[in-house]
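What follows is a single structure, written as structure tokens, with notes after it.
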Amino acid sequence: MAEVSGSAVFAGGELIGRSEDELRPVRGAGIGMVFQDPMTSLNPVLTVGRQIVEAIRAQSSTSKDAARTRAEELLAEVGIPDPRSRLEAYPHQLSGGMRQRVMIAIALAGGPQVLIADEATTALDVTVQAQILELIERLQTEHGTGVIWITHDLGVVAGIADHVLVMYAGQCVEEGSVDELFDRPVHPYTRGLLGSMPLVDDPRPARDRDPLATMPGLPPDPVSLPPGCAFYPRCSIRADVRCRTEMPSLTPVAGSSERHRAATFYAPEGV
């Protein structure tokens, strides 16, 4: 198994290397997590009320009765109707959107400063997805919570993000404000992702539109990355020797703010 390296700083402190006891107060109270599939994240044999109560009591010395009252408040806060009766429901008795709201309630139970949403709307239909996105945005505003949204859906990114990091093979290949990234993408992977999105406001008939971009090949094995740039085998602007042997670092993009950076040796023409 490959070793994990790097740095993860939260509230001014390094998380990498901390013991389980040291990390316990960070999990839940400092950082909350909403997973992709609530049906596999929730315990199927426990009521949602019991699971929320456990999350609350794990972070404080609250009594069971007080925790249950707080659990009801959390269900109401995330938009679940008749929250008192829903406390007695099991996950399979709720819809996918309701289960995801329960997951958000659990994530909020500790009053986290940061909420990580990992593909939190992927398993939902577009109508429910919009409701969940609106809910997260409202909660962020009301609680002042920072949100890290992990997704492959650039439509979601365009609608909710302030700052974007594009990842490939475990590395950041481009970052910048959402406006900079969508208006002036530099890395060929970023350009490929954006080029694969259909334009809903394209006035041309479907038969006259440009074909969507595709990327040849497959992503590399993350535990056995090739030397040099990991995107090299799939890149359309690569230079054989340098890109195959050197790893490009994130550097500022000319003509953009200092926060817009890309890990590529060769910016495409016209950028």
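The values are calculated or read from the model by the stated rules, or taken from the named source; none is laboratory data. No experiment lies behind these values; they were computed from the predicted model shown. All Cβ positions, glycine included, derive from the backbone under ideal geometry; neighbour counts span all protein chains shown.
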Quickly run through the stretch 201-241 and pick out the residues that are outside the structural domain of His187 (by TED's automatic domain parsing), over 27 Å from the mean Cα position of the chain (by Cα) and of a type in the set (A, V, I, L, M, F, W, C). Ala206
Within the stretch 248-263, how many residues turn out to be assigned to a loop (DSSP other than H, G, I, E, B) and loosely packed, with under 14 Cβ neighbours inside 10 Å? 6
Exclusive hit being of a type in the set (Ser, Thr, Tyr), surrounded by 19 or more Cβ atoms within 10 Å (Cβ to Cβ) and over 13 Å from Leu154 (Cβ atoms), set Tyr189, Tyr168: Tyr168
Any residue in the stretch 84-96 that is surrounded by 15 or more Cβ atoms within 10 Å (Cβ to Cβ), aliphatic (A, V, I, L, M), in the same structural domain as Gly144 (by TED's automatic domain parsing) and within 18 Å of the chain's Cα centre (by Cα)? no
Residues of the stretch 60-78 being under 25 Å from the mean Cα position of the chain (by Cα) and surrounded by fewer than 18 Cβ atoms within 10 Å (Cβ to Cβ), in sequence order, are Ala76
